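Just below is one structure, and these are the notes that go with it.
No value in this document is a laboratory result; all are computed from the given coordinates. Predicted model, so just to flag it, every value in this text is computed and none were measured. Heads up, the Cβs are rebuilt from the backbone with ideal geometry, glycines too, and the neighbour counts pull from every protein chain shown.
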Amino acid sequence: MKPAGRLSLLPAVVFGLLCTSALPQAERVTAAMGDAAEVTLGIGGCGGVYFLASPGELVVEVEKRDRHLSDRDTELRAILVGPDREVLQEAAIPDDGQPKGSGLGAPQRVALRTQVRWPGVYALNVTVSQDRYGDEISWGFRTNCPKYLVETSRGHRDARHEEPLVLLNPDRPGDVCFLPRQGEFGMEVTGLPADVTELSVYDAAGALVATLPVAEGKVSYTVPADEHRDAVPWRLHLPRFQGTVQIDGVTRWDPGDLYPNLSLWTPDLASWFPFEEHRWLLTPYSRMVYARPGDEAKVTLQVHNNLTRDATVKLQVEYPEAAWPVRLAAEEVTVPGRRAAPVEVTCTAPVEGETRVCHIRATPTDDAGFSTYSTVRVIGGEAPAARPLEMPIMLKPYRHENAQFGYLPQYPLGNQLYFDLQDRPFVSLGRSLATMRDGKWVTLELGGGYSAATSKVAFDRDNDVYVLASGGGTVALLHSVDGGATFTPYPIPPNPAGGSAFDIEQFSGNNIPDGPPPFVRFTRTFKDPKLFWRSLSDLELFVPTKADGKITVGEPILISKLCIGLAAHSGTPSSVVSRGTKVHVAWGEATDPEVKVPGLPAYVATYDRETGQLSTPALIGYGAPPNDIHNSPSITMDGQGYLHVLGGTHGQPFPYARSLQPNDAGSGWTEPAILGEGLSQTYIGSVCGPDGTLHLAYRLWRTGEPYPHSSYATLAYQRKRPGQPWEAPRVLIVAPFSEYSVFYHRLTIDHKGRLFLSYDYWSTYWFYRNDHFGDRRAVLMSPDGGDTWKLAGDEDVG
């Protein structure tokens, strides 16, 4: 039997401005408290609830019942947040300790309460340890808020996004109220009780839309496009509230759907409010700004219109306490459909150490019943982000770098930073490139309809700029001789198989190509239908040349037809490094699934520009498990030209080897050695410092505190000084939730040897990701080879 946990009434500390204060604890709901009313909703999955709350007390009671389908330790975590996503209360409902197969467990409940001073959209976030899909529990809630919507949002799957509604209360009837898709759509319900013979669909006025006959516990129905949508939302009525419901546009989506990935519904028609239409109305939900006393502090908010037509939004300043100097650039903004418009808020910073707070309220002029706000906090003095930080950074739910440290840089955060030979920063922004000119950031268009094909920016010894980009059905090497002000495209001859990915040699510490940087192309030729992560790709090398300022791309050089492919969204490993006439390529290969091997083999081969010869591939080592595209290796070189390669892994220790001769992959390698026993490593990012120190950043899985009931992801750093063994990993970032996470991290280095680690935290939970408009990218930097770290300020980058 599993040990029963204790129901945790967490204080849910609010990390204030310069001090902390504990919030009221959640209450355990029991009959002894005089509150034995039943929670009638029982559903599976994770996700949460949104409340359009008015002033007064807001009460949300959350109930959990364990289903005991396995012996996993399923602790439910419930977080109540305000319109500005300040955490108001947090509670945990433990596993009940009963064994697998013991049936539906007894209900456990907690009550979350807050005093609503200012109306807006509040939220309840529900996650479950070791159960990111919510299969192991039934949960429900009741509230005194009359307006609410449920969002069923589990953890991600490596498949089409679907959020089936799992209904788990067969002892009573129930409704699923939803916004119907405008065109034709399908509905399916399975797992219905045997005595249910039909379901009914009604519009918001109570008129019958359709009767759905049930056969063998299931029903399938297609709603025609010409069925009226005069009264919405619609209501699917179930005589017994049990089954699994799929509705096109609500639990699964096509590209043309108005509100993709937003699985919003309610069991009560009267609780519906227009949340989809006004989602992300004003973002970010909060901003913390530090400024010198008396200076003006500026914050840019985005007014978002989620409708398909123009909408006008009224803005006003509200003060929780006494009024202070705050100025809005506009008090009313008209925004085109599906667009956002910036609004600048100008505030005067208070005296050193003092905090001033205001709310910026947003209200659609054609829907005065919907209103919410963002919070701006201005603090006199220097932000903690300006100083070296005590690592790791513990990300908290809804409290990331700005909320904890006042991190608010002016440099672009769309991708990682690269540096030219003069250490000027560059950031790829899709159709443009950002860089600095005369102390200011400027955006330079790639032109020609081109958009970057990778996030990397490369340079040669003449300090010319290179970007791989696609446009008009072609991929080209873009070349600039004027620092990115203008680009000339040089088309790359296509691979007939199509569907290619690319990687270009970028500066990784000690490699500056004499001419245009070489690049590689990965073209998938086979996808294994039985092994999800196994594919075969042609790996081709391009070695372009430059003469009289013109580029010749050249023909591809086949490296391998068994390449596994490239995993580059996190780590962004280096596939190519060069010096002089030698170009070195690292890759991983798929193997015969019937042949047992210790992992994905990592190879390196050297191409000689002078002779046109490609060396025999050298086997560096194996990265476990085999046939897994996650396991892309990474190559770099030190100042003496020795090659350093790490084999990619998926939750296993990285293997490492060094070439025995400089600038040569064919003269032998050290025996591969792992970076540490038991390390659960994935997604290599590697560079080499000017002193020969190897620096790595990667995702590292851990167990134990602060998530004793499950595993959790961290962003870790590790280094190897010349002639020394690998040091132990140092955790830099801890995820705000247990279960699956990635950081979309990219490690780069400038010509002074300073490290820049760009990352964008990504939780498996759709509810958390859906709630945030835009990305969360931030940049850590180390000026001293990894000894200390801080959030990179504008002065560190420019």
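Amide H to amide H, with H built 1.01 Å from N, Thr372 comes under 5 Å of Ala362, counting only residues 5 or more places away or on other chains. Computed from backbone phi, the HN-Hα couplings of region 259-276 come to 10, x, 6, 10, 8, 9, 7, 8, x, 10, 4, 5, 8, 5, 9, x, 6, 4 Hz, rounded to whole numbers (Karplus: 6.51 cos²θ - 1.76 cosθ + 1.60, θ = phi - 60°; Gly and Pro given as x).
Shape class for region 91-212: oblate, because the ratio a/c of the largest to smallest gyration tensor axis (alpha-carbon atoms, square roots of eigenvalues) is 1.5 or more and b/c is at least a/b.
Bridging of Lys440 to lysines at a Cα separation below 20 Å is possible for Lys298, once same-chain residues fewer than 8 apart are set aside. Distance between the C-alpha centers of region 295-334 and region 86-101? Whole Å please. Going from one Cα centre to the other spans 39 Å.
Working from Cα pairs under 8 Å separated by at least six residues, relative contact order for region 228-322 is 19 percent. Taking the charge dipole of the chain about its Cα centre, with +1 at Lys and Arg Cβ atoms and -1 at Asp and Glu Cβ atoms, the residue from Val219, Trp701, Leu539 reaching farthest to the positive side is Trp701. Taking the Cα centre of the chain as origin and assigning +1 to Lys and Arg Cβ atoms and -1 to Asp and Glu Cβ atoms, the resulting dipole is close to 740 debye.
Packing order of peptides 607-615, 552-560, 144-152, highest average first: 144-152, 552-560, 607-615 (average count of other Cβ atoms within 10 Å over each peptide's residues). Seen from Pro690, the other residues with C-beta closer than 14 Å to its C-beta sum to a net charge of -1, counting Lys and Arg as +1 and Asp and Glu as -1. The phi torsions of region 66-82, fed into the Karplus equation with coefficients 6.51, -1.76 and 1.60 and a -60° offset, translate into couplings of 6, 9, 6, 7, 8, 9, 5, 8, 9, 9, 8, 10, 10, 10, 9, 10, x Hz, rounded to whole numbers, with Gly and Pro shown as x. Structural descriptor for region 92-249: relative contact order 27 percent, calculated from alpha carbon pairs under 8 angstrom and at least 6 residues apart. Amide H to amide H distances under 5 Å link Trp726 with no residue, where only residues 5 or more positions off or on other chains count and H is placed in the peptide plane. Cα-based radius of gyration for region 193-303, normalised by 2.2 N^0.38 Å, reads 1.61. 3J(HN,Hα) along region 485-500: 5, 9, 10, 10, x, 10, x, 9, x, x, 8, x, 6, x, x, 9 Hz, from the Karplus curve 6.51 cos²θ - 1.76 cosθ + 1.60 with θ = phi - 60°, whole Hz, x for Gly and Pro.
Once you've got the Cα coordinates, tell me which of Lys546/Lys790; Lys561/Lys752; Lys582/Lys752; Lys100/Lys218 are over 32 Å apart.
Among Lys546/Lys790; Lys561/Lys752; Lys582/Lys752; Lys100/Lys218, the Cα-Cα distance tops 32 Å for Lys546/Lys790; Lys561/Lys752.
Using the rule -39500 (n - 2.57) for each DSSP H run of four or more residues, divided by the residues of the chain, the 222 nm mean residue ellipticity is -500 deg cm²/dmol.
Taking a ≥ b ≥ c as the square roots of the eigenvalues of the Cα gyration tensor, region 722-798 is oblate, since a/c reaches 1.5 or more and a/b is not larger than b/c. Anisotropy class assigned to the chain is prolate, per the alpha carbon gyration tensor with a/c at or over the 1.5 cut-off and a/b larger than b/c. Distance between the C-alpha centres of region 419-466 and region 609-688: 29 Å, rounded to the whole angstrom.
Database remark: amide H of Gln89 closer than 5 angstrom to the amide H of Leu80 (H placed geometrically; neighbours at sequence offset of 5 or more, or on other chains; Pro and chain starts carry no H). Measuring nothing but how far apart in sequence close Cα pairs (under 8 Å, 6+ apart) lie, relative to its length, the chain scores a relative contact order of 9 percent.
Taking the Cα centre of region 237-288 as origin and charging only Cβ (+1 Lys, Arg; -1 Asp, Glu), how large is the dipole, in debye to the nearest 20?
It comes to approximately 220 debye.
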